[in-house]
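Here's the structure we're looking at; comments come further down.
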Amino acid sequence: MPSEIAMSVTALLKLVPPPASPTGVGRLPSWIDDEAKLGTGLPSDYKEFVTHYGTGLFADFFIVYNLLARDTVFGLIPNATKELAMIRLRNYKTIFGDDFPYGIFPDKPGLLPWGKDENGGTYCWLTAGKSDSWPVVHIAGRPGKGDWQQFRLTMSGYLLKVLKKQLKSKLNADDEYPFPEQLVFKPLGINEQAPKRKG
């Protein structure tokens, strides 16, 4: 993992402590089979995030889809192929046509959804180039024309800047977020739990 990305992940883990027993991980993950099912390798910071946090509500606002979860609410593969997140993206492409400037995964470059927020927003990677350099695209919950924004940041870099109030977005105008009490992770889901980490 590139050092800049590793620093973002480390900073996130300090800012929002992960659970001792993350849900939806089950085993120490081997990503090869799951990435093969998806049809692409995934960014290293995403895999570190899922390994440490599992499935849940991050900082009282974000849900990061879990590649290792199979359910349609939290699983990355269902949401990246046939469930609500992908249906929304295809609908945006249909509604906005050429005004929507992105292809949809598995097209490359194309949008691959990695999460959502409590306002109904969708977060995607733009799958252009190497996975560790994929930028983030945020799409509003009920987008009108132009209600999307691209950031030249990794997933962990984006989340870190939002939580440190270092990122201005035309789609998230709440300058107060987050309050200190929101910097927590709430596990969700009923999947098998991973063994507790030592230390």
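A short reminder: the numbers here are calculations on the coordinates, not readings from a lab. Keep in mind that what you see is a predicted model, and the values were worked out from it rather than measured. Neighbour counts run over all protein chains shown; Cβ positions are idealised from the backbone, glycine included.
Numbers at a glance
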| quantity | calculated |
| --- | --- |
| Computed [θ] at 222 nm, deg cm²/dmol, the chain (DSSP H ≥ 4; -39,500 (n - 2.57); rounded to nearest 500) | -8500 deg cm²/dmol |
| Estimated FRET transfer efficiency when R0 is 30 angstrom, pair T72-A11 (beta carbons, to 0.05) | 0.45 |
| FRET E, pair S3, D147, Förster distance 41 Å, beta-carbon r, rounded to 0.05 | 0.75 |
| Segment K165-I32, extension gain: residue separation times 0.36 nm, minus the distance between their alpha carbons | 44.4 nm |
| Length added when fully stretched, K130-K93, from 0.36 nm per residue minus Cα-Cα | 10.9 nm |
| Distance from the stretch 103-179 to the stretch 23-67 (C-alpha centre basis), Å | 17 |
| Sorted by Cβ density within 10 Å, fewest first, the residues M86, M7, M155 | M7, M86, M155 |
| Relative contact order (percent, whole number), the stretch 3-187, Cα cutoff 8 Å, 6+ residue spacing | 24 |
| Qualifying aspartates and glutamates (Cα of each under 20 Å from Cα of K37; at least 8 residues distant if same chain) | D45, E48, D71, E83, D107, D132 |
